[in-house]
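Shown next, in structure tokens, is the structure this report addresses.
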Amino acid sequence: MRKIFMFALPLLALLSLVNCSKAEDEKEGPVANKKQGRLPGKFSVSANKQVYFSMGNLQYQASTSTWRFAENQFDILGEENKNISDSNEGWIDLFGFGTSGYKQKYPYMTSTNYYDYFGENISESFYDWGQFNKISNGGNKSGLWRALSSEEWNYVLEHSTNFYTSVNEVNGLLFLPDDFNVITFYSDSEVLVEEGETFSLADWYKMEAAGIVFLPCAGNRNGSGVGYVGERGFYWSSTVSGNYGADDLYFFANSVTVRSDARLNGFSVRLVSEVDETEVKK
């Protein structure tokens, strides 16, 4: 369903919102408004809990056993995931369910047998990537991050305005945080925003600074085969489903849903950190 927003915003109000000029945005880039790997926007995942999303999708380098978040929310590795191995010097960003590295469930697993993957919910366990691992640009301590449950993904879908769009020529799903009122561009005083709109980098950095989250269509992996890059998004939850599956957030141009899929698939992981109770709803 198409969602359209129109508004008029004086230049001074816009400058106050983003707290930087267009030149400064282009110079400083996406990391200027991120702290310990998290984005500034708060998102409700239940009636009494909020989270911050990580600054980008989770990435892993096997040769150094290093985990990191992508520098940009729109960064995807695509075909590089075909090089997945236990000694790969490149980076990957598509992972089988629960492949944190705990108890031989390695992030470079390519088995197409679902029995090889952990078969229970990974919430509050070391099979959750963010609970077991230190994220180098996300605080560099284990236990700081976690995956959303399928129930939480559904809550975000129902309570956060979201629509399919394109950022830096990468397709994906955009979410507005709890306290967000309007989407703004640093251009005309009246701007039309609709599904499928392409955002310039300068405009995107302002939107990101205001807390907007973007999940890119990073595709999926089966074994060492990669598909749907730039076309579809698959994001793991922490919730198993039946004997073979686990739930994921799945989307493309005309659809978004939380569904069950085989645990052996390599999907994207976008972690969250919980908002401290003293910060909730501030």
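Mind giving me the FRET efficiency for THR198 and GLU79? R0 is 22 Å, r the Cβ-Cβ distance, nearest 0.05 is fine.
Details: r = 23 Å, r/R0 = 1.03.
Calculated value: 0.45.
Quick one: net charge around GLY138, please, counting Lys, Arg +1 and Asp, Glu -1 for every other residue with C-beta under 15 Å from its C-beta. Don't skip to the end; give the middle numbers.
Details: positive: LYS34, LYS35, ARG38, ARG68, LYS134, LYS141, ARG146, ARG270; negative: GLU71, ASP75, ASP93, ASP128, GLU274.
Neighbourhood net charge equals +3.
Do the alpha carbons of any pairs in LYS49/LYS141; LYS34/LYS103; LYS35/LYS103; LYS42/LYS82; LYS105/LYS206 sit beyond 29 Å of each other, and which pairs?
LYS34/LYS103; LYS35/LYS103; LYS42/LYS82; LYS105/LYS206
Multiply the residue gap between ASN48 and ASP116 by 0.36 nm, knock off their C-alpha separation, and tell me the result in nm, one decimal place.
Values: separation 68, 0.36 × 68 = 24.48 nm, distance 3.59 nm.
Answer, rounded to one decimal: 20.9 nm.
May I ask for the net charge around SER237, where only other residues with Cβ less than 14 Å from the Cβ of SER237 are counted and Lys, Arg are +1 while Asp, Glu are -1? Can you show the working numbers first?
Values: positive: ARG146, ARG259, ARG263, ARG270; negative: GLU120, GLU124, ASP128, GLU151, GLU152, ASP247, ASP248, ASP261.
Charge balance near SER237 sits at -4.
Given a cut-off of 24 Å, what percent of all Cα-Cα pairs of the stretch 39-282 lie beyond it? Before the final figure, lay out each step's value.
Working: 12426 of 29646 pairs.
For the stretch 39-282, the fraction of Cα-Cα distances above 24 Å is 42 percent.
Read-outs throughout are calculated quantities, based only on the coordinates presented, and are distinct from any laboratory measurement. Everything numeric here is computed off the predicted structure, so don't read it as measured data. When we count neighbours, we look across all protein chains shown, and the Cβ atoms used for this are built from the backbone with ideal geometry, even at glycine.
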